[in-house]
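Note sheet for the following structure.
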Amino acid sequence: MRWSDLTWEELPEVLAKVGHAALLPVGATEQHGPQLGCGVDTIIAEQLCDAVADLTGVPMLPTLPYGCSSGHSRRWPGTIAVTPTALIEFVRQIGDWAYHSGVRRLIIVNAHVTNAAPLRCALELLRAAHDDLMVAVINTATLSRRVREFHAADGDDWHANDAETSIMLHIAPQGVRGDKLASADDPDRTAGCIFAHPVNRTSRNGVTGRPSQATTEKGEQWFAWLVEDLTGLVRAGCVETPPLNHAYFDTLSP
């Protein structure tokens, strides 16, 4: 159910069956400590959306592999970041073209924490431009209570932690360096901080959390929760209608 595998003749019928909804996975390319490859966020976004697309019939647009990762600094090789304004405009243009291809419910699935604000800005621009386009930004790490709990179990500020490492052990073990797990732990140092500090000032090795506790079994369970909970949200989104049917561009008559 990938957009890239569908022809222009097939797309209208596929979209009509699911309320004209489409998924847009958004990841990042950035360092993930000594134990994980740089594509973690992109891999999680893509595999999650791929599974949900199969279960729901909602087509999945090609995954965006770059995000707002400048907070990781240039201390460690591997991070390829774009600016927030670049991501806003890129997603706005994708949404605009998706709209003209028949999409009326665009569900953006974001697997990189600091993409959230630019994606929200893109949402604002798209729904203001297209009165009948509904846009959602769903952040994978917070899409349900149980998902939030396991992601933040080893720190409020987390990265390349138990959660991400366990999930990668399950869905993409080739991206995990098992011999680095035992020594990769680094604590969350942000408690009590007023400012949002870049990772070069909060982590010694690019990790925040305890990847030493990661297991394939936990990753299998946690990824299943992600798929189940996102599937529920997507299915609900395919039939949701606005609470009121007031046109965006109409002014209230005196």
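The values are calculated or read from the model by the stated rules, or taken from the named source; none is laboratory data. This one's a predicted model, so the numbers in the text were calculated from it and none came from an experiment. Neighbour counts run over all protein chains shown; Cβ positions are idealised from the backbone, glycine included.
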Of residues in segment 176-202 being in contact with a helix residue (DSSP H, G or I) (Cβ under 9 Å, 6 or more places away or on another chain) and part of a loop (DSSP other than H, G, I, E, B), the one nearest to residue 70 (Cα to Cα): 198
Restricting attention to segment 60-99, the residues that are touching a residue at least 24 places away in the same chain (Cβ under 8 Å), closer than 30 Å to residue 16 by Cα and more than 18 Å from the chain's Cα centre (by Cα) number exactly 3
Kindly indicate whether any position in segment 9-31 is in contact with a strand residue (DSSP E or B) (Cβ under 9 Å, 6 or more places away or on another chain), of a type in the set (Gly, Ala, Ser), assigned to a helix (DSSP H, G or I) and within 26 Å of residue 163 (Cβ to Cβ). no
With the first residue restricted to segment 1-21 and required to be surrounded by 11 or more Cβ atoms within 10 Å (Cβ to Cβ), and the second required to be among the hydroxyl-bearing types (Ser, Thr, Tyr), Cβ contacts under 9 Å at 6 or more apart or on different chains are 1/56; 3/101; 11/101; 12/101; 15/101; 18/56; 21/56
Which residue, of 117, 98, is modelled with pLDDT of 95 or more, in a helix (DSSP H, G or I) and surrounded by 19 or more Cβ atoms within 10 Å (Cβ to Cβ)? 98
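Each row is one residue, and each column tells you yes or no for (1) at pLDDT below 95; (2) crowded, with 19+ Cβ neighbours inside 10 Å; (3) assigned to a helix (DSSP H, G or I).
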residue: 141; (1), (2), (3): no, yes, yes
residue: 146; (1), (2), (3): no, no, yes
residue: 150; (1), (2), (3): no, yes, yes
residue: 156; (1), (2), (3): yes, no, no
residue: 163; (1), (2), (3): no, yes, yes
residue: 166; (1), (2), (3): no, yes, yes
residue: 174; (1), (2), (3): no, no, yes
Kindly indicate whether residue 128 is among the small types (Gly, Ala, Ser), buried (at least 23 other Cβ atoms within 10 Å of the Cβ) and touching a residue at least 60 places away in the same chain (Cβ under 8 Å). no
Neighbours by Cβ (under 6 Å, 6+ apart or cross-chain): first from segment 189-212, in contact (Cβ under 8 Å) with a residue 24 or more places away in the chain; second of a type in the set (Phe, Trp, Tyr): 206/76; 208/158; 209/158
